[in-house]
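Below you'll find the structure, written out as C-alpha cells, and then a few comments.
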Amino acid sequence: MPARPVLRSGHPTLSRPAKAVAEFNTPQLHALIQDMLDTMVAENGVGLAAPQIGEPLRLIVFGMQDNPRYPDREPVPATVLINPRITPLGDEQEGGWEGCLSLPELRGWVPRHTHIVYTGFDAEGRPVEREASGFHARVVQHECDHLDGILFPQRMPDMRRFGYQAELAAAADNGAEAVEA
Ligand code: NI
C-alpha cells in the first residue's frame, strides 16, 4: 500500500496508549513499516508513529539525511524502532521548535531531554540500543510520546509559544525552522 492519510489532533487514536508489538518479522509488520516510511516521505516528515496512520502499535520510524530544507541539522539515522524505551542521561533539557504531521502548520516551543539512551527492536526483532543528543534525541522523544497518546502541545510550558508557522516566522520567532514529526 502507498502512503496513508495521517490522523489529525482530535482523533481518539492519537490520545490513547498504543499496544506493544508481539510478533516480529511478519509480512503484516513489514507492510505496515513500509506504509509508515512511504507516508513519512510523502509528508516530508522526519518521523512518524504508527498511531498517526491509525495503527495503535508501539512502532515508530524516523530519520533525516541531508534534507535541503534543514541544511543546518545534524543527520538522524534512518531507523525503525519497535517497543521503544527512553532513559534520560542526566537532568539537562533544552527547548526547541516542534511541528507534527498530526497538527499541520502549527509549531510550538517544547523542552526535551538533551541526552538520552533509547532501546527497542528492529523489524526482525533484533535489539537496538543507541545514545542520542540534541535534535536526534528530540525526534525520538516526540515520536515515543505518540505511543503514549501525547502530542507536543501537552509538553509545552508556555502556550504563548504555540501557533501557526507562518505567523511565528513573520514575527521572527524562528518557528519556521521546526521540523514535522
Ligand atoms: Ni508528531
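The values are calculated or read from the model by the stated rules, or taken from the named source; none is laboratory data. If you're wondering where the values come from, they're calculated on a predicted model, not measured in any experiment. Quick reminder, even Gly has a Cβ in these numbers, built from the backbone with ideal geometry, and neighbours come from all protein chains shown. Heads up: the accessible areas ignore ligands, DNA and RNA and are worked out on the full protein's heavy atoms, side chains in. Shrake-Rupley method; radii C 1.70, N 1.55, O 1.52, S 1.80 Å.
Scanning the range 53-69 for residues that are closer than 24 Å to Arg4 by Cβ and part of a loop (DSSP other than H, G, I, E, B) gives Gly54, Glu55, Pro56, Arg58, Gln65, Asn67, Arg69. Filtering Arg85, Arg69 for residues that are modelled with pLDDT under 95, out of contact with any Pro (no Cβ under 7 Å at 6 or more places or on another chain) and more than 16 Å from the ligand (Cβ to nearest atom) leaves a single hit, Arg69. The single condition from (1) open to solvent by 40 Å² or more (accessible area, probe 1.4 Å); (2) closer than 24 Å to His30 by Cβ that Pro84 fails is (1). Among the residues of the range 88-108, just one is closer than 23 Å to Arg161 by Cα, touching a residue at least 24 places away in the same chain (Cβ under 8 Å) and more than 15 Å from the ligand (Cβ to nearest atom), namely Glu94. Kindly establish whether Gly54 is surrounded by fewer than 16 Cβ atoms within 10 Å (Cβ to Cβ) and under 20 Å from Arg16 (Cα atoms). Yes; evaluated as a whole, the condition is true for this residue. Remark: pairs (first residue in the range 1-21, farther than 18 Å from Gln154 by Cβ; second residue of a type in the set (Val, Ile, Thr); Cβ separation under 6 Å; 6+ apart in sequence or on different chains) = Ala3/Thr39; Arg4/Thr39; Arg4/Ile53; Val21/Ile82.
So in the range 24-44, with the set limited to residues that are at negative phi and assigned to a loop (DSSP other than H, G, I, E, B), which one is modelled with the lowest pLDDT? Outline the logic, then answer.
The initial filter retains those residues of the range 24-44 that are at negative phi, namely 24, 26-43.
Of the ones still in play, those that are also assigned to a loop (DSSP other than H, G, I, E, B) are 24, 26, 43.
Working: Phe24: 98, Thr26: 98, Glu43: 95.
Selected residue: Glu43.
Pairing each residue of the range 115-127 that is among the small types (Gly, Ala, Ser) with any residue that is not in a strand (DSSP E or B), provided the two are 6+ apart or on different chains, yields C-beta distances under 8 Å for Ala123/Phe24; Ala123/Asn25; Ala123/Leu29; Ala123/His30; Ala123/Ile33; Gly125/Phe24; Gly125/Asn25. Every condition in (1) in contact with a Gly (Cβ under 9 Å, 6 or more places away or on another chain); (2) open to solvent by less than 40 Å² (accessible area, probe 1.4 Å) is met by Ile33 except one, and the failing one is (1).
Against the condition under 17 Å from Ala181 (Cβ atoms), under 16 Å from the mean Cα position of the chain (by Cα), within 16 Å of the ligand (Cβ to nearest atom) and part of a loop (DSSP other than H, G, I, E, B), how does Pro17 come out, does it pass? Give the steps one after another, and end with the answer.
Details: under 17 Å from Ala181 (Cβ atoms): no; under 16 Å from the mean Cα position of the chain (by Cα): yes; within 16 Å of the ligand (Cβ to nearest atom): yes; part of a loop (DSSP other than H, G, I, E, B): yes.
The answer is no for Pro17.
Determine, yes or no, whether Arg8 is modelled with pLDDT of 95 or more, open to solvent by 20 Å² or more (accessible area, probe 1.4 Å), in a loop (DSSP other than H, G, I, E, B) and farther than 20 Å from Arg130 by Cα. When the stated conditions are applied, Arg8 passes them.
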